[in-house]
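I have a structure here, written as structure tokens, and I will follow up with some questions on it.
The values are calculated or read from the model by the stated rules, or taken from the named source; none is laboratory data. Model, not experiment: these values are computed from the prediction. So basically every Cβ, Gly included, is an ideal-geometry build from the backbone, and we count neighbours across all protein chains shown.
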Amino acid sequence: MSATKTSTVETTTPKISCSDVHVFYADKEAIKGVDLNIKEKQVTALIGPSGCGKSTFLRCINRMNDTIDICRVTGNIDIDGQDIYAPEVNVVDLRADVGMVFQKPNPFPKSIFENVAYGPRIHGLANGKADMADIVEKSLRRAGLWEEVKDRLDQPGTGLSGGQQQRLCIARAIAVSPSVILMDEPCSALDPIATSIVEELIDELRQNYTIVIVTHSMQQAARVSQDTAFFHLGEIVETGATEDIFTNPKDPRTESYITGRIG
Amino acid sequence: MTDISQSPVVAKKPSVDEARKKRTAKRYAAEKRFEYIGLGAVLSAGLFLVILLWTIVGNALPALTYNYLKVPIDLTSEKLTEENAATFDYRKIVRNGIYEAVPGVKGRKDRKKLRGLVSSGAAIELRSEVSANPQWIGTKQEIYLPLSDTADLYLKNLMGDITRPESERKFSDIEIKWSDQLKQQGKIDTRFNSIFFTHGASREPEMAGIWGAVVGSFMTLLVTLVLSVPVGVGAAIYLEEFAPKNRLTGFIEININNLAAVPSIVFGLLGLGFFLNGVHLGWFTLGGGFPRSAAITGGTVLALMTLPTVIIASRAAIKSVPPSIREAALGIGASKTQATFHHVLPLAMPGILTGTIIGMAGALGETAPLLLIGMVAFIVDIPGGFTDPATVLPVQIFMWADFPEIGFQQKTAAAILILLCFLIAMNAIAVWLRNKFERRW
Ligand SMILES: Nc1ncnc2c1ncn2[C@@H]1O[C@H](COP(=O)(O)OP(=O)(O)O)[C@@H](O)[C@H]1O
Ligand SMILES: [Mg+2]
């Protein structure tokens, strides 16, 4: 289950390490003992047929599953060596450090500026108005949206196109300076052009952030990720460097998924 | 797409084509039939509404004006000073003025009848006019004083058939003669009925006004609003956003829905038994101590009655906020409370406000529970506070509808009209809020 063995880039300790993670929805076990190491400043793709638990697993990493009453998580997830399910961990701080971008763009029905500024404001990251404007600009620039919206920051974020909305959501996540960004099928609601823009952005963001992306598109995983983990029925069947998994899958299930026989 | 619908249907077998045509025709016929039935329903509902409004407005309009008699008033009496102008008994002055206005009436009986042309409340009206104009004291003035309700009705042609024998009428031949004569002399003026809009209740139709009930309704609703909105919205937020979904909350939910269906009079009984009388548990009394007939008591009872409506509407509004908004807020590290109060609640606000206003409109029109807590008492004074005896618009309507005098019939209709205006205004505000804050996401 060690990803480092087949990885193209050698790193010493993983950014996120998960061991024996189980997730239950009431009595139903959706994740059945997953071990996974995620490397720092890389894109790790989670692929697999729909309903196999990719989203469920992703939501464990920022404890979004806590918001579902019937959901129970066991096992260990460490970020930078800290168990995020430890009682002393403040979930609010965790989610500031582990940002999330959702499947459907979900900007707040507020101005573009407000969308980005909300996170820094509740976390008290800005000293005054100028500083806040600075954070907003920087975040929008990083999300590659600044040039498109700089003249209409006061207009509603919901008025942007789908692709722009998704980049706004990325900017919103970036604004609280996380170290990890989780993306759950961030392009599934976008057209091909918007998709390729977001993919380019993900590739750029890799320099500064550890990114975990769920996708059901093989091509997307191949294009943006360095490591890939293949999920099947709540288990990880295969992990490794994306290149290896795609050219030389070891597990027959991975192979049949990649060649399009299950999915 | 257009070319498909325009191309003729190519059927392999003519019989299939025939059958299909028949089916289509049948479907269209059914659709048309349904359309006509719907239209008929709307039209008949509209007709009933028109009839309702027509009768109410027709009955109410005469109450909006009133006939006043120009009476010469002699304020030169030495007994009347600026100090006692507000307490002075003006009855004699009014009486003499009337004799002067219709000279030559002799005999006790006729004079009494003549005096009766002017309202028995005229002296009180005169008192407030003189108090407002102290420079009149020591002079002679011509002042318009309200006529009696029978004279007013006669002049408005609402006395019914006046060719009936005198004994069957409330307005005798001589009174008719005087009235006609005064009218010819131009001494009678039809004015806006300000008494109706400024006075409280009275046994005299011409002195009875709606203002006491309006103030009472306003105070009662204010109490209802202040109690039911924070509690209702708070309960809705808790149940929707924070409460665990378990048997207890399920049970609470069912009971809230049941409470919304409880007849309002039951809430009145609760008010009577709990707020007014209290529940005696041996040496200990639970509840009780609320003032009878007061706005605070009525408002509290109505708040209990409105609470389920507010909770249900608020919950629906909160539920309709897409979960993606909550996820977005939680995803960047907002606490649950922050996500709720910064994002969910503002988006749910229009729905909450609409529900609240509709609940308030229901409370405004509510009569039965207030009867039980004594708000049906005859209250002349306009309430000055929440613990003062008060009545409300629908109860006032209920009482007036019961009075035998013809003058009260118009008042009843006018009061209904005013109540309807308030209700329409409240609903219009609800619609306006809904449109103004409607959002898409
Ligand atoms: N909120 C939930 N409540 C109950 N079951 C859920 C919930 N979310 C997901 N599941 C179940 O967990 C399994 C994994 O779902 P998910 O993680 O969404 O899969 P994926 O993202 O790979 O398509 C599915 O069988 C799904 O039905
Ligand atoms: Mg999913």
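What residue, of B:Leu221, B:Leu182, is aliphatic (A, V, I, L, M) and closer than 28 Å to B:Phe386 by Cβ?
Testing whether each residue is aliphatic (A, V, I, L, M) and closer than 28 Å to B:Phe386 by Cβ leaves just B:Leu221.
Now for a different question. Only one of these is in contact with a helix residue (DSSP H, G or I) (Cβ under 8 Å, 6 or more places away or on another chain) and at pLDDT 90 or above: B:Leu423, B:Leu433. Name it.
B:Leu423 is the lone residue from the list that is in contact with a helix residue (DSSP H, G or I) (Cβ under 8 Å, 6 or more places away or on another chain) and at pLDDT 90 or above.
Evaluate segment A:183-201: report whether one residue or more is away from ligand 1 (no atom under 16 Å from the Cβ), of a type outside the set (Phe, Trp, Tyr), in contact with a Ser or Thr (Cβ under 8 Å, 6 or more places away or on another chain) and in a strand (DSSP E or B).
No - not one qualifying residue is present in segment A:183-201.
Could you check A:Asp203 against (1) surrounded by fewer than 17 Cβ atoms within 10 Å (Cβ to Cβ); (2) within 29 Å of A:Phe24 (Cα to Cα) and say which number it fails?
Condition (2) is where A:Asp203 drops out.
The rows are residues; the columns are (1) within 16 Å of ligand 2 (Cβ to nearest atom); (2) more than 12 Å from the chain's Cα centre (by Cα); (3) of a type in the set (D, E, K, R).
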residue	(1), (2), (3)
A:Gly53	yes, yes, no
A:Asp93	no, yes, yes
A:Ala96	no, yes, no
A:Pro105	yes, yes, no
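Hey, can you tell me all the residues within segment A:210-234 that are modelled with pLDDT of 90 or more, assigned to a loop (DSSP other than H, G, I, E, B), surrounded by fewer than 24 Cβ atoms within 10 Å (Cβ to Cβ) and under 16 Å from the mean Cα position of the chain (by Cα)?
A:Gln226
Check A:Ala3, A:Ala96 and return the single one that is modelled with pLDDT under 95, away from ligand 1 (no atom under 16 Å from the Cβ) and in a helix (DSSP H, G or I).
A:Ala96
How about segment A:170-196: which of its residues are more than 14 Å from every other protein chain (Cβ to nearest Cβ) and buried (at least 17 other Cβ atoms within 10 Å of the Cβ)?
Scanning segment A:170-196 gives A:Cys187, A:Leu190, A:Ala194, A:Thr195.
Still on this model: Among the residues of segment A:24-40, is there at least one that is within 16 Å of ligand 2 (Cβ to nearest atom), in contact with a Phe, Trp or Tyr (Cβ under 6 Å, 6 or more places away or on another chain) and over 21 Å from A:Thr210 (Cα atoms)?
Yes; the residues of segment A:24-40 include at least one that is within 16 Å of ligand 2 (Cβ to nearest atom), in contact with a Phe, Trp or Tyr (Cβ under 6 Å, 6 or more places away or on another chain) and over 21 Å from A:Thr210 (Cα atoms).
Hey, B:Asn258 hits all of (1) on the phi > 0 side of the Ramachandran plot; (2) free of Cβ contacts under 8 Å to residues at least 12 places away in the same chain but one; which does it fall short on?
Failed condition: (1).
Report yes if A:Asp83 is charged (D, E, K, R), more than 16 Å from ligand 1 (Cβ to nearest atom) and away from chain B (no Cβ under 11 Å), otherwise no.
yes
So, in segment A:60-94, of the ones that are out of contact with any Asp or Glu (no Cβ under 8 Å at 6 or more places or on another chain) and closer than 26 Å to A:Ala194 by Cβ, which residue ends up surrounded by the fewest Cβ atoms within 10 Å (Cβ to Cβ)?
Filtering first and then ranking leaves A:Ile61.
Right, another one. Restrict the check to segment B:346-363 and report whether at least one residue is of a type in the set (A, V, I, L, M, F, W, C), within 14 Å of another protein chain (Cβ to nearest Cβ) and surrounded by fewer than 23 Cβ atoms within 10 Å (Cβ to Cβ).
yes
Sticking with this one: Condition first: within 14 Å of ligand 2 (Cβ to nearest atom) and in contact with a helix residue (DSSP H, G or I) (Cβ under 6 Å, 6 or more places away or on another chain). Now tell me which residues in segment A:213-231 satisfy that.
Residues satisfying the conditions are A:Val214, A:Thr215, A:Phe231.
For segment A:57-68, how many residues are near ligand 2 (Cβ under 10 Å from one of its atoms) and within 14 Å of chain B (Cβ to nearest Cβ)?
Adding up the residues that qualify gives 2.
Tell me, which residue of segment B:291-339 that is assigned to a loop (DSSP other than H, G, I, E, B) and in contact (Cβ under 8 Å) with a residue 60 or more places away in the chain is surrounded by the fewest Cβ atoms within 10 Å (Cβ to Cβ)?
In this case the residue turns out to be B:Arg292.
Would you be able to tell me the number of residues in segment B:58-84 that are within 19 Å of B:Asn133 (Cβ to Cβ) and among the polar types (S, T, N, Q)?
So the count comes out to 4.
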